[in-house]
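I have placed the structure first, in the form of structure tokens, so that the comments after it can refer back to it.
Read-outs throughout are calculated quantities, based only on the coordinates presented, and are distinct from any laboratory measurement. What you see is a predicted model; the values in this text were computed from it and never measured. Here Cβ is always computed from backbone atoms with ideal geometry, including for glycine, and neighbour counts include all displayed protein chains.
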Amino acid sequence: MAAKATEKTVPLTHLTHLLRSMNDDIADIAADFERGDPAPLLWGFACECGNRGCAEWVQRDLAGYHAMRAEPDSVLLAEGHTLVSSAQATRHLAGELREAARALRGEARQQQARARRLQVTRDYRYELRQGETTLATGHLREVEPLEVGDRVDVGGVGGTVVAVEPVVGDHEQWLVVQRDEPLERHDRTRRKSSV
């Protein structure tokens, strides 16, 4: 069965375009296979209705397929199938995305609860730097795991983690934190506020 997508029907969905392309490839392969064979064979082509759950195949000979494709807006449909509108396809996809988002939120809640139960923490030896100058060193105990790029407060000074490395023979990790604002600017602000 062939249907024609006209202005009265909706534009073809992305899935319909993919199925049409696949069917055209089947026809090309079938034409190579049939070359020189006088008896036409029936070939299986996918229904192009655009319904994501559709797994129907339509039997056609190549002459019938090419005659149907001669109409530029024709769509190959299985018996009893109708073309899915782009609005229907969008609603169906939106429903699937909502369901996937719900599942992902549930998984995130489960992972957060697991992390709280396990109370994953690390101990760090830190080095607070201003450029190449080391401002302070010390220890951070039972801190959530840190990665390069994380913002962290070390002794009341904000900074960005620039390196995290294991300490050989110790359970601690070496943490290098680059101070966020230049020391000179901080001192000028302090002097202005005291005047």
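For this structure, a couple of remarks:
- Computed [θ] at 222 nm, helices only, for the chain once each DSSP H run of length n ≥ 4 contributes -39500 (n - 2.57): -13000 deg cm²/dmol
- The tail of the calculated P(r) for region 2-84, taken as Cα-Cα distances beyond 14 Å, holds 61 percent of the pairs.
- Gyration tensor analysis over the Cα atoms of region 13-56 returns equivalent ellipsoid semi-axes of 25, 11, 5 Å (largest first, whole Å).
- Coil-residue trypsin sites (Lys or Arg not before Pro) of region 29-132, DSSP, other Cβ within 10 Å capped at 16: Arg35, Arg52
- Largest-first principal axis extents of the Cα set of the chain (Å): 95, 48, 36
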